[in-house]
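Beneath this line is the structure, given in structure tokens, with notes to follow.
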Amino acid sequence: MLHMTLQSAFDIVVRHARAQPKQSLSRGNAGDCVYRSPEGLKCFIGALIPDDKYHREMDYADGQFPIAKVLRYAGIAEHGLTMQAAQ
């Protein structure tokens, strides 16, 4: 499992937010927010998921991949929950 600090997760998300001008949505501008869009865009949490750990089913599994489970793949589950609650 990849482990990262809260600061490194924050840095990844900030770099990602600056580099990607659009929200990651399932169907263009009318879809739901997804970790990774069909166009390859990533939400902030999606940017923390290593490419080799991401599975398309995470976005379309009817809640079977809640944020805590997804963030365990990135090694920051405890910090991720704190960041989510702060939004």
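See the values below:
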item: Those residues of segment 1-46 which are at pLDDT below 85, surrounded by 14 or more Cβ atoms within 10 Å (Cβ to Cβ) and of a type in the set (A, V, I, L, M), in sequence order; result: M4, A9
item: Odd one out for D59, checked against (1) modelled with pLDDT of 85 or more; (2) touching a Ser or Thr at 6+ places or on another chain (Cβ under 8 Å); result: (1)
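The values are calculated or read from the model by the stated rules, or taken from the named source; none is laboratory data. No experiment lies behind these values; they were computed from the predicted model shown. Cβ: placed from backbone, ideal geometry, glycine included. Neighbour counts: every protein chain shown.
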